[in-house]
Amino acid sequence: MYLDFTHLKVKAVFTASYDPPGEGHAGAGGCIGDEFKRFRDQERDLERRADTDSGIPWVKVVQIDRGPVAVRSRAESPSS
């Protein structure tokens, strides 16, 4: 499990189940390390975008057990 709530606007959660060798599923869906690297790359990209776009108050990035990465954000509503 990886949790990163240190960025002011971007919060990230990554979890993955690990099956030791010989427990089946070896190599299924690719290497967890590669998936985590892609996740972190996407997290850093979103941090850069959130830092430069003042209209984004928050972004949540979640990947659970090799599922698709879910990205949610909210745009600032214009003041009335």
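The values are calculated or read from the model by the stated rules, or taken from the named source; none is laboratory data. Only a predicted model underlies this, so the values are computations on that prediction, with no experimental measurement involved. Cβ atoms come from the backbone with ideal geometry, glycine included; neighbour counts cover every protein chain shown.
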Tell me which residues, restricted to the range 19-56, are part of a loop (DSSP other than H, G, I, E, B), of a type outside the set (D, E) and either modelled with pLDDT of 75 or more or in contact with a Ser or Thr (Cβ under 6 Å, 6 or more places away or on another chain) (or both).
-> C31, S54, G55, I56
Filter the range 57-80 for residues that are under 12 Å from A12 (Cα atoms) and among the basic types (K, R); the one that is modelled with the lowest pLDDT is R72
